[in-house]
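See structure below.
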Amino acid sequence: MLTESTLNPEKASYREVIPAGEYWLHEIKKGQTLRILDMEGNQAADTLFYDAKDPENRYSASDTIQRQAALYLTTGTKLISSQGDELLTITADTCGRHDTVGGACSRESNTMRYAHDKEHMHACRDSFICGIQHWGPDLGKRDITCNINFFMNVPVTPEGKLTFEDGISAPGRYVEMKAERDVMCLISNCPQLNNPCNGYNPTPVEVIIWDQ
């Protein structure tokens, strides 16, 4: 459901541009609102959320899908943790389709899906691992779970198959979420060049935070 925000970026408490292929790690306090802005269009922003006080209590794709009875995320969706807590609520969305089943690209999946010579290419899983270890040296691969792909179009066929299609986002479209508790947000601004999720051209996204 497409919903415009009433928040003014000029009154935000925090703004940062995430270059294509880079990661971003930041705490979102309870009551704050986070906007992820697709600056140039069709850029996949792979995202993980964690309870800031308990990294083992993290975003759960299966619990979110079950609670919402819907595969895709949009306005009104509550992002549910592995322990059944509400982490964030989507309060505005001008894209209308965000994937939570396609997962993050990795060097291994690039090799299997596309070609052996793609193994060297940077991937979201690499960024996630760098980000999670920056948060805590005891965190690592086991703490990287199913993620959200904001702005990514991954239709599910009647046979239950996933297909990676052209994005339906555009320059300036965004999604906003209000934190229901203190959460840690980890974004990999996807560097994928092998499928149309980024229009074969990874571009920056902007993150904006309001205190109220």
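Residues being assigned to a loop (DSSP other than H, G, I, E, B) and modelled with pLDDT under 90: count how many of those fall in the stretch 121-144. Show your work before the answer.
To start, the set of residues in the stretch 121-144 that are assigned to a loop (DSSP other than H, G, I, E, B) comprises 121-123, 136-140, 144.
Subsequent filtering for residues that are modelled with pLDDT under 90 retains 121-123, 137, 140.
Residues flagged as assigned to a loop (DSSP other than H, G, I, E, B) and modelled with pLDDT under 90 within the stretch 121-144 amount to 5.
Of the residues ASP182, ASP166, which is modelled with pLDDT of 90 or more, surrounded by fewer than 23 Cβ atoms within 10 Å (Cβ to Cβ) and charged (D, E, K, R)?
Details: ASP166 fails: modelled with pLDDT of 90 or more.
Matching residue, one of ASP182, ASP166: ASP182.
For the stretch 39-84, how many residues meet the condition of being open to solvent by less than 40 Å² (accessible area, probe 1.4 Å), over 15 Å from the mean Cα position of the chain (by Cα) and of a type in the set (Asp, Glu)?
Going through the stretch 39-84 one residue at a time, the tally reaches 1.
If the Cβ limit is 8 Å and pairs must be 6+ apart or interchain, which residue in the stretch 132-145 that is open to solvent by 100 Å² or more (accessible area, probe 1.4 Å) pairs with which residue that is of a type outside the set (Gly, Ala, Ser)?
Going by the 8 Å Cβ cut-off, the qualifying pairs are HIS134/LEU25; LYS141/ILE129.
Considering every residue within the stretch 44-51, establish whether at least one is of a type in the set (D, E, K, R) and over 19 Å from TRP24 (Cα atoms). Outline the logic, then answer.
Just the residues of the stretch 44-51 that are of a type in the set (D, E, K, R), to begin with: 46, 51.
Next, only the ones that are over 19 Å from TRP24 (Cα atoms) stay: none.
No - not one qualifying residue is present in the stretch 44-51.
All but one of (1) under 20 Å from CYS190 (Cα atoms); (2) open to solvent by less than 50 Å² (accessible area, probe 1.4 Å); (3) at pLDDT 90 or above; (4) part of a helix (DSSP H, G or I) hold for CYS95, so report the exception by its number.
The one condition CYS95 does not meet is (4).
The values are calculated or read from the model by the stated rules, or taken from the named source; none is laboratory data. Predicted model only: the values in this text are computed from it and were never measured. Counting neighbours? That spans all protein chains shown, and the Cβs are built from the backbone with ideal geometry, glycine included. Heavy atoms of the whole protein, side chains included, go into the accessibility calculation; ligands, DNA and RNA do not. Shrake-Rupley method; radii C 1.70, N 1.55, O 1.52, S 1.80 Å.
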